[in-house]
1. Run the quick spin-label model on residue 12 and residue 78: label points 7 Å from Cα toward the beta carbon, then report their separation in nm to one decimal.
2. So for the pair residue 160, residue 125, with labels modelled 7 Å out along Cα→Cβ, what separation do we get in nm?
3. Determine, for 98, 77, the number of other Cβ atoms within 10 Å of each Cβ, and report the residues in order from fewest to most.
4. Give me the dipole magnitude in Debye, nearest 20, for the chain about the Cα centre, with unit charges on the beta carbon: positive for Lys and Arg, negative for Asp and Glu.
5. Hey, if you put +1 on the Cβ of every Lys and Arg and -1 on every Asp and Glu Cβ in the chain, which of 75, 191, 128 ends up farthest toward the positive end of that dipole?
6. Take the Cβ-Cβ distance between residue 23 and residue 60 as r, set R0 to 41 Å, and report the resulting FRET efficiency rounded to the nearest 0.05.
7. Using the Cα atoms as the points, what is the convex hull volume per residue of region 1-94 in Å³?
8. Calculate, in nm to one decimal, what residue 148 and residue 109 gain on full extension: separation in residues at 0.36 nm each, minus their alpha carbon distance.
Amino acid sequence: MEGLNRVRERIAAAAAKAGRDVRQIKLIAVSKLQPLEKLREAVAAGHTVFGENYAQELREKAEALGPGVEWHFIGALQSNKARLVVGRAAVIHTCDRLSLAREISKRATAPQRVLLEVNVGREPQKAGVLPEDAPALLEQVRALPNLACEGLMCIPPADQDPRPHFRALRELAERLQLRELSMGMSTDFEAAIEEGATMVRVGTAIFGERPRK
């Protein structure tokens with residue numbers, strides 16, 4: 001896959017520029033609305049880590065592709081859809097409220113890895129806990145059984161320089177002693193890597209424009 005190979009090269013170049021080991025960075029191929037054929041092409045090219053935005057789509061694709069594929073849930077998660085994701089997703093990136101954390105905990109039979117979604121740009125239309133409220137939410141999440149909070153996730157404002165937002169998320173993670181940083185998409189993943197991302201979520205640059213739902 002040309003798109004996949006180009007993204008891999010760009011990740012390696014960004015890591016080298018930042019003096020980082022490229023092995024510290026996980027590429028999540030965002031396969032939202034993409035047909036299974038494209039995912040199979042990626043698997044054949046050696047890529048087995050995918051991100052989905054919709055709970056039912058993740059379940060269907062996970063069942064279709066079978067074992068050997070690592071799934072990440074990166075979309076807004078309604079509490080009543082948590083049952084479709086828990087146990088199928090290696091990591092849920094969008095835990096942003098205690099009620100959702102409780103539902104994930106209730107559904108999990110083994111430690112479910114989660115990230116706290118932080119609204120770094122303070123955009124009222126976006127999900128995510130405000131930065132100043134993240135420490136309290138982290139404490140509450142850590143008190144729940146079968147949850148392992150490993151880091152933070154953000155989507156910076158589309159009309160702003162993402163770097164200050166990536167930097168703010170990294171600094172918050174450092175204060176909270178969390179190691180994973182899910183940040184950076186097709187338009188800004190190189191900047192995210194330079195600011196410390198450990199997971200980048202790239203779809204269009206790999207697969208091309210997604211089909212309309």
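Read-outs: derived from the displayed coordinates by stated rules, not from any lab. These figures come from a predicted structure and were not determined experimentally. Virtual Cβ from ideal backbone geometry, glycine too; neighbours counted across all protein chains shown.
1. 4.4
2. About 1.5 nm, to one decimal.
3. So the ranking, lowest neighbour count to highest, is 98, 77.
4. The dipole magnitude comes to about 500 debye.
5. Of the listed residues, the answer is 75.
6. Efficiency for this residue pair is about 0.85.
7. 100
8. Taking 0.36 nm per residue and subtracting the Cα distance, the gain is 12.8 nm.
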